[in-house]
1. In region 21-48, how many residues are surrounded by fewer than 10 Cβ atoms within 10 Å (Cβ to Cβ) and either in a helix (DSSP H, G or I) or among the basic types (Lys, Arg) (or both)?
2. Any residue in region 67-84 that is among the hydroxyl-bearing types (Ser, Thr, Tyr), assigned to a helix (DSSP H, G or I), surrounded by 14 or more Cβ atoms within 10 Å (Cβ to Cβ) and within 14 Å of the chain's Cα centre (by Cα)?
3. I need a count of the residues in region 105-139 that are over 25 Å from GLN65 (Cβ atoms) and either without any contact (Cβ under 8 Å) to a residue 40 or more places away in the chain or aliphatic (A, V, I, L, M) (or both).
4. Just to be sure, is TRP118 of a type in the set (Phe, Trp, Tyr) and within 17 Å of the chain's Cα centre (by Cα)?
5. Condition test on ALA57, is it in contact with a Leu (Cβ under 8 Å, 6 or more places away or on another chain), under 26 Å from ILE9 (Cβ atoms), at pLDDT 95 or above and not hydroxyl-bearing (Ser, Thr, Tyr)?
6. Consider THR97 against the criteria (1) within 30 Å of LEU123 (Cβ to Cβ); (2) free of Cβ contacts under 8 Å to residues at least 24 places away in the same chain: it satisfies all of them except one. Which criterion is unmet?
7. Out of region 46-64, which residues are touching a residue at least 60 places away in the same chain (Cβ under 8 Å), under 18 Å from ALA99 (Cα atoms) and not aromatic (Phe, Trp, Tyr)?
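The values are calculated or read from the model by the stated rules, or taken from the named source; none is laboratory data. The shown structure was predicted, so the numbers you read here are calculated from the model rather than taken from an experiment. All Cβ positions, even for glycine, are placed from backbone atoms using ideal geometry, and neighbour counts span all protein chains on display.
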Amino acid sequence: DNEKAVYAILLVSGLGVGGIVIPTSVITTIICPDDLIATITALTLSVRVIGGAIGYAIYYNVLVQKLTPELIKQVSTAMVIGGVKEPEVIKAAIELTSASLTQEILHLPGVDGNVELWQSIVLAGQNAYAMAYPWVYYC
């Protein structure tokens, strides 16, 4: 529905990152003494990589904190509506959904190859991801 808006946001964010990272690397290389160019270049690259790792860790934790309750709510609701009421099976389906192993849900007791129930469980997992994923960008 909002594919054009997504591309616009990605373009602006890409320009913003490129507008900060590239000039900083170029300026530090230009202003440093000739005998330290390799060291300065390595340091700026190291800072970029460490910053990226920290950012990824933060974003991942935000996603997990928002995704877990959504998966519990939506997948368990879909399974109870579908007639599966065993907590161990519901927990297994939530874990499989979070690991993107949705094909394995077909083999769980209570689902037993019921494609219609499986599709509703997968849709619930997709909705949970759709509800949780924007929080990565809000933070």
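1. Restricting attention to region 21-48, the residues satisfying the condition of being surrounded by fewer than 10 Cβ atoms within 10 Å (Cβ to Cβ) are 30-31, 33-35.
Next, from what is left, pick out any that are either in a helix (DSSP H, G or I) or among the basic types (Lys, Arg) (or both): 30-31, 34-35.
Of the residues in that region, 4 qualify.
2. yes
3. Counting residues in region 105-139 that are over 25 Å from GLN65 (Cβ atoms) and either without any contact (Cβ under 8 Å) to a residue 40 or more places away in the chain or aliphatic (A, V, I, L, M) (or both) gives 14.
4. Values: of a type in the set (Phe, Trp, Tyr): yes; within 17 Å of the chain's Cα centre (by Cα): no.
It is false that TRP118 is of a type in the set (Phe, Trp, Tyr) and within 17 Å of the chain's Cα centre (by Cα).
5. Working: in contact with a Leu (Cβ under 8 Å, 6 or more places away or on another chain): no; under 26 Å from ILE9 (Cβ atoms): yes; at pLDDT 95 or above: yes; not hydroxyl-bearing (Ser, Thr, Tyr): yes.
It is false that ALA57 is in contact with a Leu (Cβ under 8 Å, 6 or more places away or on another chain), under 26 Å from ILE9 (Cβ atoms), at pLDDT 95 or above and not hydroxyl-bearing (Ser, Thr, Tyr).
6. (2)
7. VAL62, LEU63 - these are the residues of region 46-64 that are touching a residue at least 60 places away in the same chain (Cβ under 8 Å), under 18 Å from ALA99 (Cα atoms) and not aromatic (Phe, Trp, Tyr).
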